[in-house]
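In what follows, a structure is listed as structure tokens, so that the remarks can point back to it.
A short reminder: the numbers here are calculations on the coordinates, not readings from a lab. As the structure is a prediction and not an experimental result, all values here were calculated from the model. Methodologically, a virtual Cβ is constructed for each residue, glycine included, from the backbone with ideal geometry; neighbour enumeration extends over all protein chains shown.
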Amino acid sequence: MGPPSDDDGVASLDVGQDVFISHAFADGTDAAHVAQQQFQSRFGLSCFVSKDSIGVGRLYGEQISEGIAEAGVVLLILSSRALTSPHVAREVVIAAEHGVPIVPVRLTGEPLGDHLNYWLAGLQIAQHPGGLDEESCAELASEIIELIAERNRPAPSARIQRFTIPFERVERSERMEPPPRDSGSRVSTATPVCIVVLVDCSKSMNRRIGGSGLARRVVVTDQINMLFEELVDQSFGETGRLPYFYVAAIGYGDVGDRDMGSLLTQFPPDVEIVSIVELGDNVSSWVDVQLQVDLPDGTSEVQTTERPVWIEQRPLRRGDTLAKAAFTKAQGLCEQWVADWPNALPPIVLNITDGEYTDGDPRPLIRAIEEIATPHGNALVFNCHLSDVDGDPTSFPTAADAESFSGNRARLFEQSSELPRSMVTAAQEHGYDIQFGARGYVYNAEVHALADFFSVGTAGRLRVR
């Protein structure tokens, strides 16, 4: 059915969007469209006015309810007509019932009325009697981004559980001949490994990840922190923590006042590769999390523990997908690593992105990274593709699996390294359904698949022969 045509309140929606805009239909769409244009073009916040997003034949009331329930925030535009609209009133109630934050914007000095006074009690109401413009939308966007970030941060009982990186390590006290390439060599202080994580920090990473109500940047940050925690735990030997691993975390897009830089801000800006010992000694902060623990008697209980944070999650307000620049940086870091550690395990580059590149084709750089080698094998490049386009999640496909891929999906698959046989074998031994010939590519990853991306991308290279 079509939208109501009297003094009705209608809302912007696209299920799972960042901002649901509630306004009076009889006002026209000027304020809603100003907000939509400003939020999308300047801040990467997705939102739609109703006439753009509710198709013919869709159940209007159902779509409105779903849109509110699954939105990050409701922007409530309070015009004279909105104050008396029964549809705006219902939208406010639905938002409150689902716990969706409401950002009210008042365009008139008229009284709110008993109903709105009740539901908006205690909320700070933005006053913009002259309407919405660039400046007012910037203020609102800043508040909305903060609210979405707060809502998307998992509660302690809901934080993603840690995953285990399966590998063994040995210390070499005697001189040994280097093994053949791709042998699944053991990690040691004599043969450490460098893991370079590239993180897309463009503004579209504020959007939610598939199969979850969490923002992509929140999930990605949590998973990187858990990867680092696992590496720190695995680095303990009889004499304390040992430098088995070296890591770098490079963000590209919105990295504070720069377009690219290290996300490990507790270190000086020119220190981009750090040992796991240095990382363990320089935790940024700690958070309390609750884990459900299985007990020997078959029961379980919830236990609270502290977890380290090295990379702090934050809203992203700008930024393009500068993959060419990021892989240029990764190539330099890998070359530096191999020059410093010529007999170490080859480096691994893990790239997490959700957008099409905006600064040129990175493929020559990726091929150059894959040519970097040590006696133990060649460097690897993995890509995790968090796409807006509908499609079934895919993890570690083969060339046959990828025959139907097109566009950016096909390009990112082609830009991902084939998994060495030792890595495939290690993954299979730990329950992953991965075939020989698979590439290090994950598409439309849900939370669990993103954890697998990190786990498979590191564990297999480090397995014992």
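Taking θ as phi - 60°, what are the ³J(HN,Hα) couplings along the range 131-141 by the Karplus curve (6.51, -1.76, 1.60), each to the nearest whole Hz, with x for Gly and Pro?
Couplings: x, 9, 9, 4, 5, 5, 5, 5, 4, 5, 4 Hz.
Relative contact order of the range 245-399, please, whole-number percent, based on alpha carbon pairs below 8 angstrom and at least 6 residues apart.
Details: 227 pairs, mean separation 28.4, N = 155.
Computed value for the range 245-399: 18 percent relative contact order.
Once you order the gyration tensor axes a ≥ b ≥ c over the Cα atoms, which shape class does the range 407-446 get: rounded for a/c under 1.5, otherwise prolate or oblate by comparing a/b with b/c? Provide the component values of the computation, followed by the final result.
On the way: a/c = 3.52, a/b = 1.71, b/c = 2.05.
Oblate shape, in that a/c is at least 1.5 and b/c is the bigger or equal ratio.
Could you order peptides 227-237, 104-114 by the average number of other Cβ atoms within 10 Å of their residues, highest first? Write down the numbers at each step before the final one.
Working: 227-237: 19.0, 104-114: 15.1.
Ranked from most to least packed, the peptides come out as 227-237, 104-114.
If you look at just the Cα atoms of the range 218-350, how large are its Rg and its Dmax in Å?
Radius of gyration, then largest Cα-Cα span, for the range 218-350: 17.3, 54 Å.
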